[in-house]
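Note sheet for the following structure.
The values are calculated or read from the model by the stated rules, or taken from the named source; none is laboratory data. The model shown is predicted, which means the values in this text are computed figures rather than measured ones. Every residue, glycine as well, gets a Cβ built from its backbone with ideal geometry; the counts of neighbours run over all protein chains shown.
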Amino acid sequence: MYEKFYGFSERPFDLTANPKFLFLSNRQREALSILQYGLFAAKPITVLIGEAGTGKTTLIRAALESDRCRNVRCIYLNNPALERDEFIKLLAMKFDLSAQAGESKAVLLEELEELLRERRSHGEITALVVDEAQSLSVELLEEIRLLANIETPNEKLLPLILAGQPELADRLEVADLRQLRQRVTLRCELAPFDVRETAAYIASRISTAGGVPARAFTQEAVMMIHEFSRGIPRIISVVCDNALVNGMALDRCPVNREIVAEVCRDFHLKREQQQTTTIERKTAEFRPPSRTASSVDDSADAEVAVEPEAEAFQRRARLGGLVAPFRAARRTNTHEPN
């Protein structure tokens, strides 16, 4: 829709796990290596923790599609809110076992072990990935523990990945699940982006789509996107996509902070509360008296107010080199009307 307006070859912020747009922060790169190791080394259980929207599913797919895991065949479950009988039937179907396996756990385990041994004898590792694992009942978590027990004297036959939101970490601390917790050999956690990573994420996706970051968003717009998205990649993409649509409708290039603020209002996003930084303290003497407008608060409405020169200086100082990909030698609004 807006690709031609901003000079993109495709949309950069679609909510799909397209490996072409994969961006790895240091934390994500570390998590990717752990996931790959858990898969190709056939570790019993690897746990991946992250808030909704931090890219857990994308990272798992990246691991599975990597060269390190070229010999790994994956069974992927992304709807774990099942009863025990439904879970058994689903496993039997996913592993292409007999109808009897779907009716009997004993038959399921027998046929599954035979299948896994045969595949391993041909150099192939079969893994089970359970997404949204925080929704698993205690009963299903116990079934997963039994699956992790399938082994030969020398190796595990079914490595498992449990991916979920922080509630999963809490679940694993429950005393009733201590046997499952003891089988967790690898663990990694995804954190939201900091402002530098947010800027790099946006710039990476724009560049991959054939665009120039500084022609799409101003530095101030990127800073606001980070503050209101709280560094969550999915929210960053949603805000960017909508801001680009609005910018095209208003004939604005690059997108400025006022356009971003309008999108944040539409989605009822609240600004991240940040501690006072050293730069902010040092520049406090330049800050003019507080505005007394009753409407000024932490919402996006407050952010669109016209900045006095001293506050603009403070914001530029705070940005520094954090959003360097969006620094242009000369800001141009080539599409802005006269």
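Okay, here's what the table says:
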item	result
Flag if residue 82 is more than 22 Å from residue 63 (Cα to Cα), among the aliphatic types (A, V, I, L, M), at pLDDT below 95 and in the same structural domain as residue 41 (by TED's automatic domain parsing)	yes
Residues satisfying the stated conditions in segment 189-199, i.e. buried (at least 21 other Cβ atoms within 10 Å of the Cβ) and either within 22 Å of residue 35 (Cβ to Cβ) or modelled with pLDDT under 95 (or both)	190, 192, 193, 197
Qualifying positions in segment 1-44 - closer than 18 Å to residue 68 by Cα and either among the polar types (S, T, N, Q) or not in a helix (DSSP H, G or I) (or both)	22, 24, 28, 33, 36, 41, 42, 43, 44
Flag for residue 127 being in contact (Cβ under 8 Å) with a residue 24 or more places away in the chain and in a strand (DSSP E or B)	yes
Boolean, residue 139 is touching a residue at least 24 places away in the same chain (Cβ under 8 Å), part of a helix (DSSP H, G or I) and not basic (Lys, Arg)	yes
Count of residues meeting criterion [closer than 19 Å to residue 59 by Cβ and acidic (Asp, Glu)] in segment 168-181	0
Scope segment 110-146; condition on the phi > 0 side of the Ramachandran plot and buried (at least 19 other Cβ atoms within 10 Å of the Cβ); matching residues	132
Tabulated pairs, segment 157-182, first within 22 Å of residue 72 (Cβ to Cβ), second in a helix (DSSP H, G or I) and of a type in the set (Asp, Glu), C-beta under 7 angstrom, 6+ apart or interchain	157/113
Given (1) in a loop (DSSP other than H, G, I, E, B); (2) surrounded by 17 or more Cβ atoms within 10 Å (Cβ to Cβ), index of the condition residue 168 fails	(1)
Within segment 38-65, considering residues that are small (Gly, Ala, Ser) and out of contact with any Leu (no Cβ under 8 Å at 6 or more places or on another chain), the one surrounded by the fewest Cβ atoms within 10 Å (Cβ to Cβ)	52
Whichever residue in segment 1-45 is in contact with a Pro (Cβ under 7 Å, 6 or more places away or on another chain) and small (Gly, Ala, Ser) and, among such residues, is farthest from residue 156 (Cα to Cα)	38
